[in-house]
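Notes follow the structure.
The values are calculated or read from the model by the stated rules, or taken from the named source; none is laboratory data. The shown structure was predicted, so the numbers you read here are calculated from the model rather than taken from an experiment. Counting neighbours? That spans all protein chains shown, and the Cβs are built from the backbone with ideal geometry, glycine included. Heavy atoms of the whole protein, side chains included, go into the accessibility calculation; ligands, DNA and RNA do not. Shrake-Rupley method; radii C 1.70, N 1.55, O 1.52, S 1.80 Å.
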Amino acid sequence: MFQTQNQFVRLMQGRRAPFGKMLDRKFIGAAHVERFVGAPEGNYESVLFKTAFEHKNPTAERVIAVKQPVGWRVIDYKIY
């Protein structure tokens, strides 16, 4: 889980840098999740995208966000 926005930005830069520039992103879908591995029961949203990068064939990206008292906070990001 990310503690600060800066931690999240650094992680994203490290994970995505090898793929180059993002060329296209399409929303695939979202699902409400109450249980997420490694996290307490809560109000989560799993969002899936089909994304094309400069140096990687179209792939899937998944973002997990948790509902906060004010807005949402991203707690996980994966590229498949």
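The table below gives the values:
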| item | result |
| --- | --- |
| Share of carbon and sulfur in the accessible heavy-atom surface of the chain [1.4 Å probe, %] | 56 |
| In the chain, GluC sites (Glu not before Pro) in a DSSP loop with at most 13 other beta-carbon atoms within 10 Å | Glu34, Glu41, Glu54 |
| Proximal lysines relative to Lys56, as straight alpha-carbon distance under 22 Å, when same-chain residues fewer than 8 apart are discounted | Lys21, Lys26, Lys78 |
| Computed label-point distance, nm, for sites Val33 and Val63 using a 7 Å Cα→Cβ extension | 1.5 |
| Spread of Cα-to-Cα distances over 5 Å intervals beginning at zero, given as percent, for the stretch 11-80 | 4, 16, 24, 22, 16, 12, 6, 1 |
| Nearest-ten-degree value, helix 5-16 long axis tilted from longest Cα axis of the chain | 40 |
| Accessible area per residue, Å², the chain with all protein chains present, probe 1.4 Å | 69 |
| Additional length obtainable on full extension of the chain from Ala17 to Trp72, 0.36 nm per residue less Cα span | 17.3 nm |
| The chain - mean residue ellipticity at 222 nm from DSSP helices (-39,500 (n - 2.57) per run, n ≥ 4, rounded to 500) | -4500 deg cm²/dmol |
| Sparse-neighbour loop sites [trypsin sites (Lys or Arg not before Pro); the chain; at most 10 other C-beta within 10 Å; DSSP] | Lys21, Arg35 |
